[in-house]
Amino acid sequence: MLNAIAEGLTVTGGGTLRNGYAVKSDDFSKVYMVAADIQGTGMEGDGEVGVWAMNSLDGDGLIFAVDGLAKEFSDWGHGDTTDAHITQSSDGVAEAKECASK
(Lines give C-alpha, C1' and ligand atoms only; values in the text may rest on other atoms or scores of the structure.)
Protein backbone atom coordinates (compact mmCIF):
# COMPACT_ATOMS: atom_id res chain seq x y z
CA MET A 1 0.00 0.00 0.00
CA LEU A 2 2.87 2.39 0.73
CA ASN A 3 4.36 1.74 -2.71
CA ALA A 4 1.03 2.62 -4.31
CA ILE A 5 0.79 5.89 -2.35
CA ALA A 6 4.48 6.69 -3.05
CA GLU A 7 3.81 6.58 -6.80
CA GLY A 8 1.91 9.84 -6.36
CA LEU A 9 4.49 11.66 -4.23
CA THR A 10 5.68 15.01 -5.57
CA VAL A 11 8.68 15.44 -3.26
CA THR A 12 11.68 17.12 -4.91
CA GLY A 13 14.13 14.49 -6.09
CA GLY A 14 11.63 11.69 -5.55
CA GLY A 15 10.26 10.48 -2.28
CA THR A 16 9.57 7.46 -0.17
CA LEU A 17 7.33 6.59 2.76
CA ARG A 18 8.23 4.86 6.01
CA ASN A 19 6.54 3.85 9.27
CA GLY A 20 3.19 3.36 7.58
CA TYR A 21 0.09 2.45 9.59
CA ALA A 22 -3.45 1.76 8.43
CA VAL A 23 -6.58 2.19 10.53
CA LYS A 24 -10.06 1.09 9.40
CA SER A 25 -12.38 4.09 9.57
CA ASP A 26 -15.70 3.58 11.34
CA ASP A 27 -17.16 6.48 9.33
CA PHE A 28 -17.14 4.50 6.06
CA SER A 29 -17.91 0.91 5.10
CA LYS A 30 -14.58 0.26 3.36
CA VAL A 31 -12.08 3.06 3.93
CA TYR A 32 -8.70 2.81 5.60
CA MET A 33 -6.74 5.82 6.78
CA VAL A 34 -3.07 5.29 6.01
CA ALA A 35 -0.47 7.51 7.65
CA ALA A 36 3.23 7.44 6.82
CA ASP A 37 6.34 9.55 7.30
CA ILE A 38 7.29 11.23 4.02
CA GLN A 39 11.00 11.09 3.21
CA GLY A 40 12.78 13.10 0.53
CA THR A 41 15.02 16.08 -0.10
CA GLY A 42 14.55 18.49 2.79
CA MET A 43 12.24 16.04 4.57
CA GLU A 44 14.76 13.82 6.29
CA GLY A 45 14.02 12.73 9.83
CA ASP A 46 10.69 12.42 11.57
CA GLY A 47 7.69 14.67 11.66
CA GLU A 48 6.40 14.90 8.09
CA VAL A 49 3.52 12.43 8.46
CA GLY A 50 0.86 12.52 5.77
CA VAL A 51 -2.51 10.76 5.76
CA TRP A 52 -4.23 9.19 2.77
CA ALA A 53 -7.53 7.33 2.48
CA MET A 54 -7.64 4.01 0.62
CA ASN A 55 -10.45 1.57 -0.08
CA SER A 56 -8.08 -1.39 -0.43
CA LEU A 57 -4.91 -2.24 1.46
CA ASP A 58 -3.40 -4.17 -1.45
CA GLY A 59 -2.73 -0.91 -3.31
CA ASP A 60 -5.14 -1.60 -6.16
CA GLY A 61 -7.98 0.69 -5.04
CA LEU A 62 -8.67 4.39 -4.81
CA ILE A 63 -6.29 6.71 -2.98
CA PHE A 64 -7.10 10.20 -1.71
CA ALA A 65 -4.98 12.75 0.13
CA VAL A 66 -6.57 13.65 3.46
CA ASP A 67 -4.36 16.02 5.44
CA GLY A 68 -2.29 19.04 4.49
CA LEU A 69 1.02 17.22 4.04
CA ALA A 70 -0.55 14.51 1.87
CA LYS A 71 -2.20 17.19 -0.27
CA GLU A 72 0.98 19.27 -0.52
CA PHE A 73 3.41 16.46 -1.30
CA SER A 74 1.34 14.10 -3.46
CA ASP A 75 -0.82 14.43 -6.53
CA TRP A 76 -3.61 12.19 -5.26
CA GLY A 77 -7.09 13.70 -5.37
CA HIS A 78 -8.32 15.39 -2.22
CA GLY A 79 -10.66 13.30 -0.06
CA ASP A 80 -12.69 16.32 1.03
CA THR A 81 -13.78 16.94 -2.58
CA THR A 82 -15.31 13.47 -2.98
CA ASP A 83 -18.94 12.53 -2.36
CA ALA A 84 -17.74 10.72 0.78
CA HIS A 85 -16.18 14.00 2.02
CA ILE A 86 -13.19 12.39 3.76
CA THR A 87 -11.56 15.00 6.00
CA GLN A 88 -8.94 15.28 8.72
CA SER A 89 -11.70 14.87 11.30
CA SER A 90 -12.88 11.55 9.82
CA ASP A 91 -12.57 8.52 12.10
CA GLY A 92 -9.17 6.84 11.89
CA VAL A 93 -7.14 9.84 10.73
CA ALA A 94 -5.83 10.87 14.14
CA GLU A 95 -5.22 7.27 15.19
CA ALA A 96 -3.22 6.42 12.06
CA LYS A 97 -1.21 9.64 12.34
CA GLU A 98 -0.42 8.97 15.99
CA CYS A 99 0.88 5.47 15.17
CA ALA A 100 3.06 6.70 12.28
CA SER A 101 4.48 9.51 14.43
CA LYS A 102 5.97 7.17 17.03
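Points to keep in mind about this one:
- Condition check for residue 80: outside any helix (DSSP H, G or I), modelled with pLDDT of 95 or more and surrounded by fewer than 21 Cβ atoms within 10 Å (Cβ to Cβ): no
- Top-ranked residue in region 45-63 [being of a type in the set (Gly, Ala, Ser) and assigned to a strand (DSSP E or B); ranked as farthest from residue 22 (Cα to Cα)]: 50
- In region 1-44, residue farthest from residue 100 (Cα to Cα) [restricted to those that are hydrophobic (A, V, I, L, M, F, W, C) and assigned to a loop (DSSP other than H, G, I, E, B)]: 28
- Qualifying residue in region 72-86 (condition: more than 12 Å from the chain's Cα centre (by Cα) and charged (D, E, K, R)): yes
- No other residue among 61, 47 is small (Gly, Ala, Ser), over 15 Å from residue 101 (Cα atoms) and at pLDDT below 95 apart from 61.
- Within region 33-55, considering residues that are in contact (Cβ under 8 Å) with a residue 60 or more places away in the chain and not β-branched (Val, Ile, Thr), the one surrounded by the fewest Cβ atoms within 10 Å (Cβ to Cβ): 37
- Any pair with Cβ under 6 angstrom, 6 or more apart, that starts in region 68-85 at a residue that is more than 11 Å from residue 9 (Cβ to Cβ) and ends at one that is part of a helix (DSSP H, G or I) and modelled with pLDDT of 95 or more: 78/71
- In a residue-by-residue description of region 20-32, the property of being within 12 Å of residue 5 (Cα to Cα), surrounded by 14 or more Cβ atoms within 10 Å (Cβ to Cβ) and either among the acidic types (Asp, Glu) or touching a helix residue (DSSP H, G or I) at 6+ places or on another chain (Cβ under 6 Å) (or both) applies to at least one position.
The values are calculated or read from the model by the stated rules, or taken from the named source; none is laboratory data. Computed from a predicted model, the values in this text were never measured in an experiment. Please note: Cβ atoms are built from the backbone with ideal geometry, for glycine as well, and neighbour counts cover all protein chains shown.
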